[in-house]
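This report concerns only the one structure given below.
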Amino acid sequence: MGIGSRNKEDLTHYLNALSGENLPETPQSFAKQAAKYTPPGSAAGSYPNTDLTPAVKAVQTAVQFDPYDNIMWMTSKALDMSPETFEQIITAKKRLIYVSSGGDRTYSVPLPVFGYQLWEQSKADTASIYVQSGTESSPRWISLESMLNAGKFVIY
């Protein structure tokens, strides 16, 4: 097969956005995982929750940290986590690690968890929790509901 006739899937590479490391992913394995994804119903912007607003200021329970500084968390059992217990657990433990899991995953990347923020829907008595991860220069906010559906939390 000549260079001009290469399939564009042959040129597809998946990279870790933080480190630039090549991930063991193919278009087929990515499509298989993506097909199972449904946006969390409680996420900001998800229909019908287009009117979510911050209920309180963000709560930072620790400073940003690198999960690879101490890898003993890899031997920890998953926490029994739910939206109802999340605030109590993170307030007590301060730093958590989120690890994606599942049979269709070709790799797993730990995310440091060191804060959260409650968002509420103005016409309802419900709140959504957004978990803080990432770095100080590039914070990342992820719906707790979507995290609980795709992985586990362990103590750092």
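The values are calculated or read from the model by the stated rules, or taken from the named source; none is laboratory data. Treat the numbers as computed from the prediction; the structure is a model and nothing was measured. Glycine gets a Cβ as well: all are built from the backbone with ideal geometry, and neighbour counts include every protein chain shown. For accessibility, only protein heavy atoms count, side chains too; no ligands or nucleic acids. Shrake-Rupley method; radii C 1.70, N 1.55, O 1.52, S 1.80 Å.
Reported count of residues in the range 64-97, each being among the β-branched types (Val, Ile, Thr), open to solvent by 50 Å² or more (accessible area, probe 1.4 Å) and modelled with pLDDT of 95 or more, is 1.
For the subset of the range 118-129 comprising residues that are open to solvent by 30 Å² or more (accessible area, probe 1.4 Å) and either modelled with pLDDT of 85 or more or charged (D, E, K, R) (or both), which member is nearest to GLU84 (Cα to Cα)?
Here the answer is LEU118.
Among residues of the range 127-147 that are within 14 Å of THR61 (Cβ to Cβ), those with a beta-carbon under 9 Å from a residue that is open to solvent by 30 Å² or more (accessible area, probe 1.4 Å) and part of a helix (DSSP H, G or I) at least six positions away or on a different chain give the pairs ILE129/GLU87; ILE129/GLU145.
How do the strands (runs of 3 or more DSSP E) wholly within the range 63-156 filter down when requiring 2 or more residues that are over 14 Å from the mean Cα position of the chain (by Cα) and more than 22 Å from ALA17 (Cβ to Cβ): which remain?
115-121, 127-134
In the range 51-62, the residues that are within 22 Å of GLU136 (Cα to Cα) and part of a strand (DSSP E or B) reach residues that are at pLDDT 80 or above and not hydroxyl-bearing (Ser, Thr, Tyr) with C-beta atoms within less than 7 angstrom, at least six apart or across chains, in these pairs: PRO54/GLN117; PRO54/TRP119; VAL59/GLY115; VAL59/GLN117; GLN60/PHE114; GLN60/GLY115; GLN60/GLN132.
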